[in-house]
Amino acid sequence: MPGEVGSFAVADYLVFGGMLVLSAAIGVYKGWTSRDQSGSRHFLTGNRKLTALPVSTSLITTFMTSVTLLTNPVEVYNYGGIFVLLCFSYTVAIFVSSEIFMPFFYRLGFTSIYEYLELRFNRTIRLLGILLFMLQTMLFNGLIIYAPALALNQGAGVDLWGGIISTAIICTIYCTLVSKRQTCTCSFNILSKVLEIEFFPGLTESNINLKIILLMWFSSFDPNPLRRHTFWTLTIGGVAGWSGVYGTSQAQVQTYISCKSVTHARVAMYINLLGLMCIMLSSVFAGFCLYSIYKNCDPLTAGLVSASDQMMPYLVMDIMKGYPGLPGLYFAGVYSGTLSTVSCTINSLTAVTLVDLIKPYTTLSTKHLSILSKGLSLFYGLLFIGMAGLASLMGGMMEAVVIVSGIIQGPMFGVFTLGVLCPFVNSKGVVSGLVSGVLASLCVCLGALFSPPTPEMTRPLPLTTAGCNFTTSPNWTSTAPPTQPTLFATTVSHNSSDIHQLAEGWQSISYLYFGIVGTLACLIVGVIVSLLTGK
């Protein structure tokens, strides 16, 4: 049973503050040493002279966002260790991306992948793709900046807006001065999780329910698309989603085309795959920690945290309160994940704005374009502060990320797939497919919003508050308030009254299928319309 949660010690503030100072210092130093290397191409892609190792590091840190670090363990805590099957999805998605899409975009040599859409189809499709990309990126980065501020608010009592503003400023300085030459401090987070396991004696006991490791493994091959996690949802849905991320995402493509050759880019992607698996295994193990210690006293149900996204910070402050410096190490890892991801996506937004929206209409010199690109990085960094405020109103972070990615990224993956693999598809077919894909994804997301899945479909792990001792800790309340509702996942509860929702949850397919619905709709409509309207 958890005890009184600790607070930041002096050592924690030193470790955490040292990470922020070091990150800003790296930005200033790299900006000063590379001041004579002008040109927007150098700023955005490093003149395509990078080797596999630094690019793979950038790919890994782009994926390991603060949202990933905070929500993946909670997903395991609520629904079991079957979540680890996403490692298989990563493998297939990286193979597809590295063998099909990466060589294609690398040989084109475009800074913005949306240049391809105009050459392949027309300018209207290019502008539609840019609009959707910018919308997705701004919403996504708002969530990424909001996540560590929420974590620090729970762990150290830091003002939420103070955390949001400081994070955005550090990311903006780093991106404006460093560009693509990022360093990886996110290993701090993995190290802190290893130490977390080492210092947590509960894992040495036999109190980890076998269900959390396998979670009805023999029934995981259920083809029912309404079930939250099965072999099929995690593999088929995961492969489609991550193929879109690594195959046709501006941030990822812009990262691996900065390599000096196709071979280096391919090696970077496979090194990145190893990193993804390490992160997933670390997250699953952290989820085991959460369940082992809190299964009989769920902090969310007991009112000890205001949202499930604060579970990991709560755990860290609970079990590491006797080890000054380790909580600071964990929060430094969360913030460094935000730093790497936001700096990369700011860079991608800058590239798209410069190449697609400014260069075609101006005659600025290379030097002026370089200055403008840094100014755009500053502008987007400040804009993300407002987007982070909006993210605070969107509910659970994982739900918000899935909605944003499903509605936008799935259909765009279909557009690029049609362009690259279907030479007979024309612009009419692609426009029709894109609109259909967005509408289809929007429908399934709205269906999940208004008709959330029932416990029979999500199969949550058993969690209670029977083991809570509300009289021993001054931070606990005597009455457990209701848990925070999510957008398309039921509250983990044993209340049998939830069963009556079964008839209402028929249209709530697994959240892992949101993106693939948009992709399939785009592909099917795009092919049919193209065949009907001529090649």
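Coordinate-derived values only; no laboratory data. Since the structure is predicted, the reported quantities are computational estimates derived from the model, not experimental observations. Don't worry about glycine lacking a Cβ; one is built from the backbone with ideal geometry, like all the others, and counts go over all protein chains shown.
Worth pointing out:
- For the stretch 342-394, fraction of C-alpha pairs farther apart than 14 Å, in %: 57
- Note that the stretch 93-105 has calculated 3J(HN,Hα) couplings of 5, 5, 4, 4, 5, 6, 9, 10, 7, 4, x, 5, 6 Hz, one per residue in order, obtained from phi through the Karplus relation 6.51 cos²θ - 1.76 cosθ + 1.60 (θ = phi - 60°); glycine and proline are x.
- Taking the average, over residues, of other Cβ atoms within 10 Å as the packing measure, peptides 250-257, 362-369, 263-270 rank 250-257, 263-270, 362-369 from highest down.
- Extension gain for Leu53-Ile100 works out to 14.8 nm (0.36 nm per residue, less the C-alpha to C-alpha distance).
- Considering only Ser261, Asn296, Ala240, the residue lying farthest towards the positive end of the dipole of the stretch 226-332 is Ser261, judged by Cα position with unit charges set on Cβ.
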